[in-house]
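One structure is given below, encoded as structure tokens.
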Amino acid sequence: MARPLRKLAEMRTVVVRRRHRTWMLSMILASLGWGVWWIEVFLARLAPELAPTLRTTALIGGAFALPGLLVAIWTIRAKAAWILLTLVPLLANLSLLALPILIKTLRVIRES
């Protein structure tokens, strides 16, 4: 576009703002899910009688992680920089969903 016409061109900020909001929502959901797990670890160390079961923690954490993962997938855009940026909430939510499987596997390895 010619330089004098740039000021007259309409900026497309709606799509960028929506993608940023969905990225932030995905990160918030991942943070809440990880917060549930860290609270469980904290309570298991300091007050085991108050600590929830791992099943309860996995269900609550997964309730945050699944919508976070879906929102992160919705956020993906075709530009390389945006794909790299979207990998953060994708991996945070995927690791949150994989954590119960990892814990079960580690328990089986430790018992054998």
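The values are calculated or read from the model by the stated rules, or taken from the named source; none is laboratory data. Model, not experiment: these values are computed from the prediction. Virtual Cβ from ideal backbone geometry, glycine too; neighbours counted across all protein chains shown. Heads up: the accessible areas ignore ligands, DNA and RNA and are worked out on the full protein's heavy atoms, side chains in. Shrake-Rupley method; radii C 1.70, N 1.55, O 1.52, S 1.80 Å.
Here is how the numbers come out for the structure above:
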item: Subset tally (residues that are surrounded by 12 or more Cβ atoms within 10 Å (Cβ to Cβ) and either under 10 Å from the mean Cα position of the chain (by Cα) or not in a helix (DSSP H, G or I) (or both)) for segment 24-62; result: 13
item: Members of segment 76-104 that are buried (at least 19 other Cβ atoms within 10 Å of the Cβ), farther than 13 Å from Leu29 by Cα and of a type in the set (A, V, I, L, M, F, W, C); result: Leu99
item: Sole exception among (1) modelled with pLDDT under 95; (2) closer than 12 Å to Ala92 by Cα for Ile28, by number; result: (1)
item: Members of segment 28-64 found to be of a type in the set (A, V, I, L, M, F, W, C) and in contact (Cβ under 8 Å) with a residue 60 or more places away in the chain, listed by number; result: Leu29, Ala30, Trp34, Trp37
item: Search result, residues across segment 63-112 that are part of a helix (DSSP H, G or I), over 21 Å from Gly33 (Cα atoms) and not hydrophobic (A, V, I, L, M, F, W, C); result: Arg107, Arg110, Glu111
item: Candidate set from segment 65-75 (those that are open to solvent by 60 Å² or more (accessible area, probe 1.4 Å) and in contact (Cβ under 8 Å) with a residue 12 or more places away in the chain); member that is nearest to Lys104 (Cα to Cα); result: Leu66
